[in-house]
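In what follows, a single structure is set out as structure tokens and then discussed.
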Amino acid sequence: MSPFWFLTLVPFLAGLAICAVQGTNYILAELVRSTGRSALGTVTGHIATREASYSTAHPVVRWTTDEGTEVEHPLIDNSGSPHRLPEGSRVRVLYTPHNPQHAQIDSPSARSNALLTLTLGTALWLGSLVAVLVRIGSSL
């Protein structure tokens, strides 16, 4: 085999990394969804954070826990559009009862985005693995 076949390591490792990250995100989201509590919150503003090389606006959401504690915290909106949630919007918040700061916006797009990216990551590593196995099989 030529050394160029080692280039298949790039999509293989990238696919594995994507699967690991998105799989973890999906599992944690489902864990919070199954064990957490739900509350109706209001977007009170946006806060800009610096992620990688660009700034991102995260909505600041205020909600009341089941115990009556009012919480206001910036949450990550995984919908892809930074200003999809203008001030005053009502959103469903999923939070853990013992730590309400650990919360997320309950949106169906977050789950579908994680599943789509997980599928693409699987296709990357599985496709490169099949290509290498076919090449090895044809050289025997």
Check on Val93, farther than 17 Å from Leu28 by Cα, over 13 Å from the mean Cα position of the chain (by Cα) and among the β-branched types (Val, Ile, Thr): no
Evaluation of Asp106 against (1) under 21 Å from Thr24 (Cβ atoms); (2) open to solvent by 60 Å² or more (accessible area, probe 1.4 Å); (3) of a type in the set (Asp, Glu) (one fails), failing number: (2)
So Ala123, is it over 15 Å from the mean Cα position of the chain (by Cα), under 30 Å from Leu13 (Cβ atoms) and aliphatic (A, V, I, L, M): yes
Residues that are assigned to a loop (DSSP other than H, G, I, E, B), open to solvent by 50 Å² or more (accessible area, probe 1.4 Å), of a type outside the set (Gly, Ala, Ser) and at pLDDT 80 or above, drawn from the range 64-96: Asp66, Glu67, Thr69, Pro86, Glu87
Meets criteria (within 27 Å of His73 (Cβ to Cβ), in contact (Cβ under 8 Å) with a residue 24 or more places away in the chain and not acidic (Asp, Glu)) for Ile105: yes
Number of positions in the range 52-62 that are crowded, with 16+ Cβ neighbours inside 10 Å and either touching a Lys or Arg at 6+ places or on another chain (Cβ under 9 Å) or modelled with pLDDT under 75 (or both): 1
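The values are calculated or read from the model by the stated rules, or taken from the named source; none is laboratory data. Since we're looking at a predicted model, the values are computed, not measured. Heads up, the Cβs are rebuilt from the backbone with ideal geometry, glycines too, and the neighbour counts pull from every protein chain shown. Protein only, heavy atoms only, side chains kept; ligands, DNA and RNA dropped before computing areas. Shrake-Rupley method; radii C 1.70, N 1.55, O 1.52, S 1.80 Å.
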